[in-house]
Amino acid sequence: MKKNIKKPNAILFVCNINSIRSPMAEAITKEWFDQKIFVDSCGIKFGKIDYLAVEVMAEKKLNLAGHKSKLFSELDNTFFDLIITFTKEAYQYVLSSTKTQSCVVEYFDIPDASLITGNRQQRLDGYREVRDVLTKKLHQRLFDYL
C-alpha cells in the first residue's frame with residue numbers, strides 16, 4: 001500500500017543484519033535515482049555482506065563487493081523521510097527509535113535468502129528470487145518518483 005508522501009529526499013533500508021536485503025535495496029535504489037535521492041542501508045545487529053548477495057547483484061551489474069555493513073545505532077544522520085524495513089524486528093526497532101522524527105516507516109515482507117537450503121545453484125536461484133521480488137516491490141513503491 002502506497003503512502004501519500006512527497007518525493008523523499010533520503011531513503012533508508014533496514015534489516016536485521018544489513019547483509020542481503022537492505023544492501024540489495026540500497027544498490028537497486030541508488031541505480032534508479034543516481035544521487036537524486038540519498039539512499040543508505042543498515043541493520044539492527046552486527047553482520048557483514050553475504051557473498052551470494054554480492055554474486056546475484058553482480059549479475060545485474062550492481063556491485064555490493066565493497067559494501068560495509070553498519071548498524072542503525074551508528075548512523076550519523078537521522079534525516080531519512082522514508083525508512084523501509086524488511087523484518088518485523090527491524091520494523092519495531094525503527095518505530096521505537098524514530099518516535100520523535102518526521103518520517104514514514106514501512107515494512108516489506110521479503111523472504112530471508114540466508115534461510116534457503118540446497119546446493120549452491122539452488123541457493124543462488126533463491127537469492128535471485130529474493131532480488132527480483134525486492135526489485136518489483138521497490139519499483140511499485142517508488143515508481144511515482146522515478
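Model label points for residue 10 and residue 35, set 7 angstrom from Cα along the Cα-to-Cβ axis, are 1.8 nm apart. Charged side chains reduced to their Cβ positions (Lys and Arg at +1, Asp and Glu at -1) give the range 10-145 a dipole of some 200 debye around its Cα centre.
Give the longest segment of the chain that steers clear of chymotrypsin sites (Phe, Trp or Tyr not before Pro) in DSSP loops with at most 16 neighbouring Cβ atoms within 10 Å, not counting the sites themselves. Don't skip to the end; give the middle numbers.
Details: sites that count: 46, 79.
That would be 80-146.
Stretching the chain fully between residue 125 and residue 89 yields a gain of 10.4 nm (0.36 nm per residue, less the alpha carbon separation).
Note on residue 65 and residue 51: their simple-model spin labels are 1.4 nm apart, each label 7 Å out from Cα toward Cβ.
Taking 0.36 nm per residue of separation and subtracting the Cα-Cα distance, full extension of the segment from residue 102 to residue 136 would add 9.6 nm.
May I ask for the distance between the Cα centers of the range 34-80 and the range 93-140, given as a whole number of Å? Answer, in whole Å: 12.
Coordinate-derived values only; no laboratory data. Computed from a predicted model, the values in this text were never measured in an experiment. Positions of Cβ are backbone-derived with ideal geometry, glycine not excepted, and every protein chain shown enters the neighbour counts.
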